[in-house]
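Quick one: this structure, given as structure tokens, is what I'll be asking you about.
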Amino acid sequence: MFRSGTEVDCFAVVTRRHVVVVDTFGTPGEAAQMLALLQGDLAGRSLLVVNTHSHFDHAWGNALFAPGGPHPAPILASRLAGEVLRSQAARDKLARKQAEDARFAGVVLHPPTVTFDGSLTIDGGDLTLELRPAPGHSADQLVVWLPEPRLLLAADALEFPFPYAERDADLPVLLATMRGLRALDPAVILPCHGGGHDASLIERNLASFARLAAHPDTTFEEALADLGLADVPNADFYRELHGLNVRATRAAPR
């Protein structure tokens with residue numbers, strides 16, 4: 001697990017055949033710091049990259065691995081993620097970010113080089129990585145399931161203290177995804193936000209939305225208290241997400 005400040009966690013899975021980098025942070029520089037720590041593992045192994053989805057903190061470091069880049073490697077993602085990263089909307093968002101924050105000045109959008117619909121399996125020789133669709137947070141999202149150790153790299157489908165749906169209408173999709181992940185019976189869950197957890201994270205996330213459905217006027221402080229928390233890192237960010245979840249819950253069909 002590799003962390004960029006308090007923004008996001010990205011991951012690498014070292015198998016007999018491959019080093020699989022899961023997400024590339026928000027800039028190529030951050031991705032390069034992660035890759036530097038993996039140099040000893042690359043000997044005799046091929047490098048593969050996975051974008052779990054197209055959001056900036058997961059895929060804007062792709063230039064490091066793009067064709068012609070410093071460390072070219074196949075970049076795998078859903079077909080939709082590729083479409084999003086090629087879109088005018090993505091270019092507009094990058095321009096806004098660059099105007100707001102010099103950190104993004106050198107970012108150039110690079111879409112994935114291998115895209116697919118549905119699922120895709122990587123045979124690592126000793127470990128299997130199943131790239132599974134997990135929409136809801138975003139329509140293009142994948143999670144990575146390693147069945148042998150029952151390890152779930154959950155992207156933003158699960159989160160602590162709670163995830164959110166990008167669009168109000170996608171909240172039922174997110175809830176269905178979480179229930180599907182529960183059926184995998186993971187032993188360890190590593191989301192991209194909120195640190196490592198066991199399978200109880202799924203139940204806590206589902207319970208948060210169930211409480212909102214029953215009590216849509218729940219405040220952010222009350223939502224944290226329900227989780228046994230007085231505060232969380234990035235509290236302002238999660239306060240905003242709580243507001244999005246309240247709005248999506250109220251909009252959901254009864």
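Collect the residues in segment 220-254 that are over 15 Å from Y164 (Cα atoms), of a type in the set (D, E, K, R) and exposed (fewer than 12 other Cβ atoms within 10 Å of the Cβ), keeping them in residue-number order.
Passing the criteria: D231, R254.
Of the residues in segment 38-65, how many are more than 13 Å from T27 (Cα to Cα) and surrounded by fewer than 24 Cβ atoms within 10 Å (Cβ to Cβ)?
Qualifying residue count for the region: 11.
Now a separate question. Here is a list of conditions, (1) without any contact (Cβ under 8 Å) to a residue 24 or more places away in the chain; (2) open to solvent by 80 Å² or more (accessible area, probe 1.4 Å), and A95 meets all of them except one; can you say which number that is?
Status for A95: all satisfied but (2).
Further question on the same structure: Name the single residue, out of those in segment 168-179 being buried (at least 16 other Cβ atoms within 10 Å of the Cβ) and of a type outside the set (A, V, I, L, M, F, W, C), that is nearest to the chain's Cα centre (by Cα).
The selected residue is T177.
Related question: Would you call I189 surrounded by 15 or more Cβ atoms within 10 Å (Cβ to Cβ), modelled with pLDDT of 95 or more, touching a His at 6+ places or on another chain (Cβ under 7 Å) and within 29 Å of R132 (Cβ to Cβ)?
Yes; evaluated as a whole, the condition is true for this residue.
Hey, another quick one. Residues in segment 104-120: is at least one in a strand (DSSP E or B), surrounded by fewer than 17 Cβ atoms within 10 Å (Cβ to Cβ) and out of contact with any Asp or Glu (no Cβ under 9 Å at 6 or more places or on another chain)?
Kept after step one, since they are in a strand (DSSP E or B), are these residues of segment 104-120: 114-116, 120.
Those left that are additionally surrounded by fewer than 17 Cβ atoms within 10 Å (Cβ to Cβ): 114, 116.
So of that shortlist, the ones also out of contact with any Asp or Glu (no Cβ under 9 Å at 6 or more places or on another chain) come out as 114, 116.
So far as segment 104-120 goes, yes, one or more of its residues are in a strand (DSSP E or B), surrounded by fewer than 17 Cβ atoms within 10 Å (Cβ to Cβ) and out of contact with any Asp or Glu (no Cβ under 9 Å at 6 or more places or on another chain).
The values are calculated or read from the model by the stated rules, or taken from the named source; none is laboratory data. Because the structure is predicted, anything quoted here is derived from the model rather than measured. Note: ideal-geometry Cβ built from the backbone for every residue, glycine included; neighbour counts use all protein chains shown. The protein model used for the area step is the full one, side chains on, heavy atoms only, and it has no ligands, DNA or RNA in it. Shrake-Rupley method; radii C 1.70, N 1.55, O 1.52, S 1.80 Å.
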